[in-house]
Amino acid sequence: MSPTAYIVGGYIPNGGTYMAYDIGRILHEHFGHAVTVVATSDHGPDNGIFRYKYPFPTLGIEAMLAAATAADVLVCNPSFSNNAFGLRFPGRKIMYVQDFKTFATLDIYFDHYVSVSGTVQDFLRRVYGLRTPVIPAFVLAPDAPPRPFAERPAREVLVHVKGKDLLSRGIGERVADAVRARDPSIELVPLHFATKVPHARVLERLGEVRTLLSLVPAEGFGLTPLEAMGAGTLVCGVDGIAGREYMRPGRNCLVTRYGPIEAIADTVLAAVADPARAEAIAARGARTARDYGPDRFEVHWRKALTAMLR
């Protein structure tokens, strides 16, 4: 009987859990594991956001713990640390740490940890004394090639804000005020949809504009800015700290560090003021994004899993 790989929250429709699902797919296709997604909510493979190659069965947390054996594998994100799977799951435990602020206290009782970025790697080493390899997340390309940069609206800027807390909202409002005060012709449009849409539509939307203003002050990797780069869109705003993994200001993006509002607004104005420079930077950003595709992710995870499962 094949061992089972349990993927915690694999059908929750966000980027981090989609990465965990894909690790499960790799375990299934290349290591012969049966896969079960551990349901932590009512989401299933028909969540309407992502496309799942295999509709793996689901099991609740307690039922999973009752069924699991020492031969099985658990793949988990750090946001589930409060479930204490490190102390409760009988088999091999793998944590893919994709952020440094989605948990209060990390479950340090897993067998293996992998960081999504150098920022997360450094955080785990300094705070928890964990030494971890880095495997970056992957981004998908739009289904259809986006319009050429020059054919997109020149002064429409898509605004990416994550979270509804006062700080996130406040940064967005202050930057918008600063941009409009200096150039009222710039149209700032939220990256927002009135109803739930497939992830493919988000990728398409990112490729409809020349510029994405990313205003997420801190995250473990930064999928949306990299997806925008992949759509040939110039990214400006803040680097999200861990975005430094792939962002090179002035070369493949126009970002600054989380800090003064005017400095953030400057990146927007610079992006719009010189279309030729913006197009050249966006083209280099698109080349950067191609280095973070699913094939590279699979190669690195197959190598890591081979070592972990010996």
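Any read-out appearing in this document is the output of simple, stated calculations on the displayed coordinates, not a laboratory observation. Fair warning: this is a prediction, and the values are worked out from it, not measured in the lab. Reconstructed Cβ throughout: ideal geometry from the backbone, glycine too, with neighbour counts over all protein chains shown.
Calculate for the chain the 222 nm mean residue ellipticity that helices alone would give, adding -39,500 (n - 2.57) per DSSP H run of length 4 or more and normalising by residue count, nearest 500 deg cm²/dmol. Taken over the chain, the calculation gives -11500 deg cm²/dmol. For region 128-181 versus region 282-310, the inter-centroid distance based on Cα atoms is 21 Å. For region 230-310, what does the alpha-carbon gyration tensor say about shape, rounded, prolate or oblate, given a ≥ b ≥ c as the root eigenvalues, a/c under 1.5 as rounded, and a/b over b/c as prolate? Taking the square roots of the gyration eigenvalues as a ≥ b ≥ c, region 230-310 is oblate. For a straight C-alpha distance cut-off of 24 angstrom, the lysines reachable from Lys162 (same-chain residues fewer than eight places away being disregarded) are Lys101, Lys196.
Taking a virtual spin label 7 Å from the Cα of Arg296 along the C-beta vector, which residues in region 118-140 bring their backbone nitrogen under 18 Å of it? Correct set: 118-121, 133-140. Between Arg257 and Thr306, the FRET efficiency from the beta-carbon distance, with R0 = 30 Å, is close to 0.20.
Quotient of the Cα radius of gyration of the chain and 2.2 N^0.38 Å, N being its number of residues: 1.04. Amide hydrogen proximity for Leu254: with H placed 1.01 Å from N in the peptide plane, the residues at 5 or more positions away or on another chain lying under 5 Å are Val235, Cys236. Tell me whether region 149-290 comes out rounded, prolate or oblate; compute the Cα gyration tensor, take square roots of the eigenvalues as a ≥ b ≥ c, and use a/c under 1.5 as the rounded threshold. Rounded is the answer for region 149-290, as its axis ratio a/c remains below 1.5. For the chain, a crude dipole built from +1 on the beta carbon of Lys and Arg and -1 on the beta carbon of Asp and Glu, taken about the Cα centre, is about 540 debye to the nearest 20.
Using 0.36 nm per residue and subtracting the Cα-Cα separation, the extra length available between Arg131 and Leu269 on full extension is 45.6 nm.
Which one of Pro275, Thr211, Asn252 has its Cα pushed farthest toward the positive end of the charge dipole of region 206-310, where Lys and Arg give +1 and Asp and Glu give -1 at the Cβ? Toward the positive end, the furthest listed residue is Asn252.
Fewest-first ordering of Ser81, Ser185, Ser117 by other beta carbons within 10 Å of each residue's beta carbon gives Ser185, Ser81, Ser117. Semi-axis lengths, largest first, of the ellipsoid equivalent to region 1-65 are 18, 14, 9 Å, with √(5λ) applied to each eigenvalue of the Cα gyration tensor. A full extension of the chain between Val197 and Ala84 corresponds to an added length of 37.4 nm, given 0.36 nm per residue minus the alpha carbon distance.
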